[in-house]
Amino acid sequence: MRPADLIEFKRSGKLITILTAWDSLTASIVQAAGADVVLVGDSLAMVALGYATTLPATLEQMLHHTKAVERGFSGPSKEHPLLITDLPFLSYQCGEDKAVEAAGTLIKNTCAKAVKLEGAEPEVIGVIKRLIRMGIPVMGHLGLTPQSVHKTGYSRQAEDPISQEKLRVQAIELEEAGCFAIVLEHIPSSLAKDLRSKLSIPIIGIGAGNNCDGQIRVTADLLGLTQKQPPFSPALISGHQLCVEALETWVKKQRHQAKNPTKEVTQPESD
């Protein structure tokens, strides 16, 4: 599947499902679950590497984890989900040349077919246009942008008319720049619905209501593996608790057997 195929999904009314992965194990799980797209998000800095924000993720780490996710896919490549990877903080904010080099490194050395980056400031729009001219498809990201956490926090964005109009303008600018889809995170559902009707490219929601062309979630959040659940992504199962209980049962069993060893049963030799 190509990034442009997601536009066809929108035209045909097919909902787009996107899940994150950060290693070969999670890649195999989300592929088996039937996700259309797998995103190697810089959220791996938090869910896999233990950081408090996404900011510490490096280009080298994104490359390492994207390769691991690629190895987790099974079957013919034509049956693999579309693989997209995030450009980490400071890989595209420091000029177009550096951004092309960073995105090119990820695309050249993995089977990822697109990159995702945050924001729509004039400098970012320039980067997006340059990347697309160089043949690198780009997915945009507006609303709550985790790489701007020190400026915006994790609160819901675009709550007032002025900021909503700003986001509308930015979304249109991303489409005009050539993005094949836009992630809208933690914004009012009415705004996402409005943009869905105005834009010809898919609107992918996360905490943006159900009136979107697709939905994206951090897999660790859905599985209940993260320490703190986002308000817009409740856990489907208590994954952390289930894992702890299962492993705790095994640990206790091993300790019990060590204290109460049973006589080994020998099998009689057969004739």
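The values are calculated or read from the model by the stated rules, or taken from the named source; none is laboratory data. Computed from a predicted model, the values in this text were never measured in an experiment. Positions of Cβ are backbone-derived with ideal geometry, glycine not excepted, and every protein chain shown enters the neighbour counts.
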Report the residue count in the range 105-135 for those that are touching a residue at least 12 places away in the same chain (Cβ under 8 Å) and surrounded by fewer than 23 Cβ atoms within 10 Å (Cβ to Cβ).
15
Give the residues of the range 20-72 that are part of a loop (DSSP other than H, G, I, E, B), over 21 Å from E185 (Cβ atoms) and of a type in the set (S, T, Y), sorted by residue number.
T58
Determine if the range 154-173 includes at least one residue that is within 18 Å of the chain's Cα centre (by Cα) and without any contact (Cβ under 8 Å) to a residue 40 or more places away in the chain.
no
Which of (1) in contact with an Asp or Glu (Cβ under 7 Å, 6 or more places away or on another chain); (2) over 18 Å from L225 (Cα atoms); (3) touching a residue at least 40 places away in the same chain (Cβ under 8 Å) does H80 not meet, given it meets every other one?
(1)
Test for L184: is it in contact with a Ser or Thr (Cβ under 9 Å, 6 or more places away or on another chain) and under 23 Å from I128 (Cα atoms)
no
What pairs come out if I take residues in the range 202-217 that are more than 23 Å from L44 (Cβ to Cβ) and in contact (Cβ under 8 Å) with a residue 12 or more places away in the chain and pair them with residues that are of a type in the set (S, T, N, Q) and not in a strand (DSSP E or B) whose C-beta lies under 8 Å away, six or more apart or interchain?
G209/S189; G209/S190; N210/S189; N211/S189
Out of contact with any Asp or Glu (no Cβ under 9 Å at 6 or more places or on another chain) and touching a residue at least 60 places away in the same chain (Cβ under 8 Å) - does that describe any residue in the range 225-235?
yes
Determine whether A112 is part of a loop (DSSP other than H, G, I, E, B) and either over 24 Å from A171 (Cβ atoms) or not β-branched (V, I, T) (or both).
yes
Of the numbered conditions (1) modelled with pLDDT of 95 or more; (2) out of contact with any strand residue (DSSP E or B) (no Cβ under 6 Å at 6 or more places or on another chain), I187 fails exactly one; give the number of that condition.
(2)
Number of positions in the range 19-42 that are surrounded by fewer than 23 Cβ atoms within 10 Å (Cβ to Cβ), in contact (Cβ under 8 Å) with a residue 24 or more places away in the chain, of a type outside the set (A, V, I, L, M) and in contact with a strand residue (DSSP E or B) (Cβ under 9 Å, 6 or more places away or on another chain)
2
Could you run through the range 46-96 and say how many residues are of a type in the set (D, E, K, R) and surrounded by fewer than 16 Cβ atoms within 10 Å (Cβ to Cβ)?
4
